[in-house]
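Have a look at the structure below before the remarks.
The values are calculated or read from the model by the stated rules, or taken from the named source; none is laboratory data. These numbers were taken from a predicted model, which means no experiment stands behind them. Cβ atoms come from the backbone with ideal geometry, glycine included; neighbour counts cover every protein chain shown.
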Amino acid sequence: MIVLGVAVTADLYTRWRDWLAPEVQPFFVASLRPWPKSAIRTTSLAPELGHTYRTWRIARSVKTLWLDEATFHDMTRSKRAALVRAQVEIGRGAVPSVRRWSDLLDSAWLRSQADGHRFVWWPSLVATNPSDIVSRVVAASPDGAQAYALPSRHREVERATWKKCAPVLPHARRLAGSFPMSSGPNCFGAVMAAAGVEGAERDCMVQAPFLAWLDSYCRTGGRDGDPGTLLVWRDDEKVPVHAAVTLGGDWILEKASGEWWTPYAIRTVADVLRTSRARGQRLERHRLDSTASAR
């Protein structure tokens with residue numbers, strides 16, 4: 001299976017389906033009092049489900065209700081509709097609009113699931129058109145509401161470009177055109193791993209270690225056409241919010257986010273500059289110091 005220009009293994013594809021539509025999924029409610037005890041658990045969300053359901057947007061005061069597909073559909077339609085509408089109001093992810101998915105799925109069935117405007121993913125629903133559904137989710141999030149991600153163009157990079165960037169980016173070619181096997185790996189870890197920092201691509205790399213590495217192994221400046229120029233975007237409080245690194249030849253390596261559906265992609269510098277532009281953010285450039293003995 002090819003998604004965003006990247007070959008996807010059967011194992012990873014199965015994981016994606018499970019992260020998009022688990023057998024039992026969380027719903028967020030103001031009170032658990034009206035719900036049966038069987039729907040109340042102390043289960044913690046895996047990081048991948050945290051990204052699917054955008055849990056960082058949800059107030060800590062709400063309670064978590066766990067429902068399987070059969071229990072959900074055994075509820076009256078009015079109760080299902082109220083529950084799904086509440087998820088939208090609370091800010092839960094993976095509550096897509098019927099309109100956005102009616103080209104791939106039976107719109108009448110989608111409208112019947114809840115209030116006619118929104119629905120939630122269940123395994124049986126994904127099973128009706130798994131390849132197209134999962135491909136769109138990876139390109140545009142579980143809600144299908146984001147702009148479609150650009151495919152990775154790693155196969156277009158010439159051998160001479162890989163060879164030229166290898167001294168400063170020894171692991172860029174290994175990472176390029178791949179997906180992580182979990183949520184967490186992010187843009188900061190991607191550029192550090194490409195530059196040779198052992199294990200940086202395995203976990204979520206927060207700003208502090210990234211900034212320490214930037215100060216130790218990079219210098220201010222750099223040209224977009226050269227290998228090893230780091231593009232770093234900072235918010236209005238000067239906190240880094242995104243990073244990518246050039247390979248030379250107008251190519252750049254980036255991981256758009258720490259979510260499970262974003263790959264280590266090769267894109268053009270112009271495309272990354274365009275898609276990363278946001279109000280209040282400032283772009284700065286640093287170049288990897290090729291004289292550093294270790295990274």
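When Val95, Val168, Val134 are screened for being modelled with pLDDT of 95 or more and either over 21 Å from the mean Cα position of the chain (by Cα) or not β-branched (Val, Ile, Thr) (or both), only Val168 passes. Quick check: is even one residue across segment 30-40 modelled with pLDDT of 95 or more, in the same structural domain as Gly116 (by TED's automatic domain parsing), buried (at least 17 other Cβ atoms within 10 Å of the Cβ) and not in a loop (DSSP other than H, G, I, E, B)? No, the conditions are met nowhere in segment 30-40.
In this structure, does Ser78 turn out to be in contact with a helix residue (DSSP H, G or I) (Cβ under 8 Å, 6 or more places away or on another chain), on the phi < 0 side of the Ramachandran plot and assigned by TED's automatic domain parsing to the domain that holds Pro34? No; evaluated as a whole, the condition is false for this residue. With respect to the conditions (1) aliphatic (A, V, I, L, M); (2) within 11 Å of Thr262 (Cα to Cα); (3) in the same structural domain as Leu12 (by TED's automatic domain parsing), Met181 falls short on a single one, namely (3). Any residue in segment 131-141 that is closer than 18 Å to Phe28 by Cα and among the small types (Gly, Ala, Ser)? No.
Taking the conditions (1) in a loop (DSSP other than H, G, I, E, B); (2) in contact with a Ser or Thr (Cβ under 6 Å, 6 or more places away or on another chain) in turn, Trp19 satisfies each one other than (1). Only residues that are surrounded by 22 or more Cβ atoms within 10 Å (Cβ to Cβ), touching a Lys or Arg at 6+ places or on another chain (Cβ under 9 Å) and touching a residue at least 60 places away in the same chain (Cβ under 8 Å) were counted in segment 172-216, giving 11. Within segment 23-52, the residues that satisfy the criterion of being touching a residue at least 40 places away in the same chain (Cβ under 8 Å), closer than 12 Å to Ala94 by Cα and touching a strand residue (DSSP E or B) at 6+ places or on another chain (Cβ under 9 Å) are Gln25, Pro26, Phe27, Thr52.
For Val168, the test of being more than 30 Å from Leu49 (Cβ to Cβ) and surrounded by 18 or more Cβ atoms within 10 Å (Cβ to Cβ) is passed. Exactly one residue among Phe210, Phe179 is among the aromatic types (Phe, Trp, Tyr), over 23 Å from Val157 (Cβ atoms) and at pLDDT 95 or above, and that residue is Phe210. Residues that are surrounded by 12 or more Cβ atoms within 10 Å (Cβ to Cβ), within 19 Å of Leu175 (Cβ to Cβ), among the acidic types (Asp, Glu) and within 24 Å of the chain's Cα centre (by Cα) are absent from segment 274-286.
Taken over segment 53-96, the residue count meeting the criterion of being among the charged types (D, E, K, R) and in contact (Cβ under 8 Å) with a residue 24 or more places away in the chain is 9. Taking strands (runs of 3 or more DSSP E) as the structural unit, those lying wholly within segment 184-295 and holding at least 1 residues that are under 23 Å from Val8 (Cβ atoms) correspond to 240-248, 251-255, 264-268.
For first residues located in segment 104-119 and over 16 Å from Phe72 (Cα atoms), partners that are assigned to a loop (DSSP other than H, G, I, E, B) and of a type outside the set (Gly, Ala, Ser) and lie 6+ apart or on another chain with Cβ distances below 9 Å form the pairs Leu104/Thr128; Leu104/Asn129; Leu105/Phe119; Leu105/Thr128; Leu105/Asn129; Asp106/Thr128.
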